[in-house]
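Written out below as structure tokens is the structure these notes cover.
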């Protein structure tokens with residue numbers, strides 16, 4: 001895989017072995033194959049592209065996505081507040097299209113991320129994404145997390161669910177003491193209902209708002225994403 | 001080390017081998033020693049404390065701090081947008097009191113974080129923090145990063161400097177193609193001056209605003225941190 | 001009345017006829033009496049004060065306040081979105097300490113603002129404020145607005161109530177077609193319950209966030225007011 | 001004029017004397033003429049519309065606009081922080097397409113708003129708007145406010161200019177002591193340059209951010225206007 005970036009800063013994730021077609025002409029497979037990071041390739045119509053190696057942020061952005069896929073800001077905050085790193089033991093539910101899974105599995109690598117998803121159609125999209133980006137440390141379980149969590153002594157349980165409160169008692173048993181339950185949901189009412197179940201946890205709920213600026217004119221962008229989700233970070237103090 | 005949490009959710013980081021004194025009485029060294037995560041200990045005045053193992057977020061919060069130490073939200077965003085994980089090769093400057101270093105070195109462990117700091121007084125605080133929290137994978141260099149970066153083929157250069165633009169040419173040489181220059185600064189004017197030097201990079205500048213909510217009353221807190229810093233994320237496309 | 005401003009930009013609302021005492025000494029009554037807007041007066045300890053005429057914004061800031069008194073930003077937005085000006089016919093409830101009343105009565109002057117308040121203690125504070133700042137166009141009614149609104153053909157009904165939805169049917173009858181029901185409340189759950197009753201109205205709910213900047217360093221203040229209240233603006237389309 | 005609102009809450013400002021055509025059919029001129037506020041009219045294709053009297057907020061929204069016309073939130077904040085009401089003496093510059101003028105002249109009515117505009121094309125748009133909405137208390141001056149302000153003893157000078165600092169000395173002479181200079185500009189760098197000239201004023205700079213919520217799902221809108229302008233409110237303490 002390579003990431004191509006044109007002069008307008010549009011990015012293209014391209015796979016080896018075939019020509020890359022764009023409305024600005026095509027780049028030959030051989031040119032792509034021979035390009036090293038930092039090189040430029042040119043389409044037959046003269047459009048030039050920087051070539052670099054893609055990383056996990058590109059996979060997240062380019063993955064097939066459902067309507068509510070987690071943004072990079074929230075993925076970063078979730079991993080950061082759960083103190084994840086290589087070896088962290090994490091269960092996630094629901095996988096959805098797998099965008100958050102891509103990031104979490106990257107951070108805890110080579111540890112396996114266990115990802116619950118009840119809907120087969122979503123699981124198929126997630127699997128296709130993992131396969132496309134060669135992500136091998138996700139174990140996708142077609143199971144309802146509201147029914148229970150098989151794993152034990154987890155460092156973190158990450159929930160992106162409609163009714164996260166239904167998973168709290170399972171998370172309580174599955175987490176090691178001091179571990180994190182993190183839940184992401186669009187409505188503050190979900191956070192409220194979740195919080196009601198969090199006795200024995202120390203928790204807070206916040207939103208993370210990213211506001212982009214134009215450096216040269218020293219002003220924020222006119223339009224912005226005003227809301228993605230509320231994040232509840234809950235640390236279990238005892239069982 | 002153990003983390004004690006009382007009923008008001010105040011936290012205390014305590015070290016083995018001596019009694020823990022608080023205004024609510026003291027907890028005996030032996031009780032602390034014998035307590036396992038999830039247990040409770042009690043002071044001689046009857047104050048009860050949950051006991052858990054501290055993690056990197058506690059170290060960041062409890063570290064001796066300068067006035068402008070990076071908050072967890074910004075540390076998480078920086079690590080996330082630089083796609084850091086175990087093995088990532090990172091140079092940071094300046095170390096300051098070492099709060100960001102604590103987090104970055106945790107994420108890239110066991111890889112060593114290289115941290116530049118020109119001021120000896122800051123370096124001493126940082127060293128004391130690393131020693132206190134037994135962080136061994138930071139190499140602290142008492143050097144001016146405006147003079148150059150010794151390392152090569154880095155995944156990321158993270159700047160918390162007054163004049164970050166003075167380090168851009170050094171970062172350009174030190175980064176691998178596709179690597180990240182991330183700069184954190186309080187004034188948008190610093191971001192502007194930095195951006196002027198970023199030809200050859202693909203970059204964006206944003207602020208990350210965390211807004212805490214009261215779950216039960218479904219309202220944000222009355223007071224909040226309105227600003228910490230602007231973050232510029234710049235990815236190098238070629239050299 | 002005069003407004004004194006010292007070199008630190010602290011302001012003092014002083015009344016004629018007596019000396020003005022401060023920790024920086026006192027200013028003689030005669031000096032205050034003779035000072036014209038734009039003059040300076042000096043305390044016996046050499047502290048100098050600008051003298052200007054106070055206006056309604058000073059009255060709002062200096063009024064005796066309850067814990068939740070409306071801020072100038074919200075008062076301005078409420079008056080603006082209700083399209084208030086001289087002659088607008090407005091009912092407000094509850095008066096609370098009368099801070100919002102001070103502003104609304106100023107804008108619609110010489111029309112009388114009718115202000116409902118059920119609690120006698122609050123009504124007393126409000127009355128004391130109106131008297132102190134010589135505000136004569138507020139009619140304070142010690143009545144429960146949940147029981148009904150006496151007035152008809154109003155341009156606006158402004159609610160700062162715990163259960164604003166209980167006043168909707170009364171507002172519906174009291175408003176002229178096209179008039180505004182504006183409600184201000186701390187919890188989004190109150191806005192939700194209000195909205196459920198707003199059939200026949202065209203409405204929106206928003207929060208107004210004011211973020212102060214340091215001009216010279218081109219950065220926002222570190223601390224800010226993160227939340228005051230949610231504002232629902234509802235315009236009645238038919239009865 | 002009448003304001004029509006359909007079931008999707010789209011609004012249409014219609015003028016008497018002719019049929020109102022829409023993609024949902026047309027409403028006959030006679031039906032429009034006979035409709036009273038609160039009535040409904042129906043198009044020949046069965047689309048139904050509420051009829052109410054338009055107010056100043058509708059005029060602002062429906063006016064022919066330049067790209068940067070002031071939004072209602074900022075107009076409300078400007079009028080509120082300048083303590084404007086009937087009789088306030090105000091100079092505004094530049095008029096632009098006259099959207100802010102529509103609101104300011106409404107609030108200070110019957111006092112005349114004096115509005116400076118150097119560009120003839122903008123002045124033409126503004127004039128057309130005033131005429132369309134029958135606004136008679138604006139005196140539009142085709143003059144450069146950087147050259148001077150003819151008026152004296154003003155309550156407020158409102159600036160929406162590229163280089164507001166060039167008007168400060170003129171505003172200083174034109175304002176009564178205690179009066180307000182209010183400037184609105186997209187870049188914080190403009191606020192900085194303005195502030196440098198504000199000796200003798202007490203001032204603050206802020207942004208006013210409006211964030212819309214979905215009441216039923218208790219969540220903010222996904223997309224929002226992230227930025228319009230920075231507002232500097234400066235009160236003159238002496239001359």
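The values are calculated or read from the model by the stated rules, or taken from the named source; none is laboratory data. Here the structure is a predicted model, which means the values were calculated and not measured. We place every Cβ from the backbone using ideal geometry, glycine too, and count neighbours over all the protein chains shown.
Taking the range A:171-221 as the range and being facing chain B (nearest Cβ under 7 Å), in a loop (DSSP other than H, G, I, E, B) and crowded, with 18+ Cβ neighbours inside 10 Å as the test, the residues that pass are A:215, A:218. Among the conditions (1) within 14 Å of chain D (Cβ to nearest Cβ); (2) surrounded by fewer than 20 Cβ atoms within 10 Å (Cβ to Cβ); (3) under 16 Å from the mean Cα position of the chain (by Cα); (4) farther than 24 Å from residue D:178 by Cα, the only one that residue C:81 does not satisfy is (2). Summed over the range D:98-123, residues that are more than 19 Å from residue D:77 (Cβ to Cβ) and either within 12 Å of chain C (Cβ to nearest Cβ) or under 10 Å from the mean Cα position of the chain (by Cα) (or both) total 3. If I filter the range B:22-29 for residues that are surrounded by fewer than 15 Cβ atoms within 10 Å (Cβ to Cβ), within 28 Å of the chain's Cα centre (by Cα), more than 8 Å from chain A (Cβ to nearest Cβ) and without any contact (Cβ under 8 Å) to a residue 40 or more places away in the chain, do I get at least one hit? Scanning the range B:22-29, I find no residue that is surrounded by fewer than 15 Cβ atoms within 10 Å (Cβ to Cβ), within 28 Å of the chain's Cα centre (by Cα), more than 8 Å from chain A (Cβ to nearest Cβ) and without any contact (Cβ under 8 Å) to a residue 40 or more places away in the chain, so the answer is no.
Taking the criterion of being out of contact with any strand residue (DSSP E or B) (no Cβ under 9 Å at 6 or more places or on another chain) and under 30 Å from residue C:207 (Cβ atoms), the residues of the range B:185-229 that qualify are B:216, B:217, B:218. Could you identify the single residue in A:95, A:75, A:79 that is more than 15 Å from residue B:106 (Cα to Cα) and part of a helix (DSSP H, G or I)? Just one listed residue meets the conditions, A:75.
Okay, residues lined up against (1) surrounded by fewer than 24 Cβ atoms within 10 Å (Cβ to Cβ); (2) under 23 Å from residue B:1 (Cβ atoms):
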residue: B:75; (1), (2): no, yes
residue: B:104; (1), (2): no, yes
residue: B:117; (1), (2): no, no
residue: B:122; (1), (2): yes, no
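Tally the residues that are farther than 18 Å from residue A:164 by Cα, assigned to a helix (DSSP H, G or I) and over 14 Å from the mean Cα position of the chain (by Cα), restricting the search to the range A:128-153.
Final tally of qualifying residues: 3.
Of all residues in the range A:41-56, which are farther than 17 Å from residue A:128 by Cα and either within 10 Å of the chain's Cα centre (by Cα) or assigned to a strand (DSSP E or B) (or both)? Residues satisfying the conditions are A:41, A:42, A:48, A:49, A:50, A:51, A:52.
Within the range B:35-48, residues that are more than 11 Å from every other protein chain (Cβ to nearest Cβ) and crowded, with 17+ Cβ neighbours inside 10 Å reach partners that are in a loop (DSSP other than H, G, I, E, B) and at pLDDT 95 or above with beta carbons closer than 7 Å, at six or more positions or on different chains, in the pairs B:41/B:35. Residues of the range C:222-231 include at least one that is assigned by TED's automatic domain parsing to the domain that holds residue C:100 and over 30 Å from residue B:231 (Cβ atoms).
Here residue B:71 passes the criteria (1) surrounded by 19 or more Cβ atoms within 10 Å (Cβ to Cβ); (2) farther than 20 Å from residue B:154 by Cβ; (3) more than 7 Å from chain A (Cβ to nearest Cβ) except the one numbered (1). Restricting attention to the range D:1-21, the residues that are closer than 18 Å to residue C:236 by Cβ and over 28 Å from the mean Cα position of the chain (by Cα) total 0.
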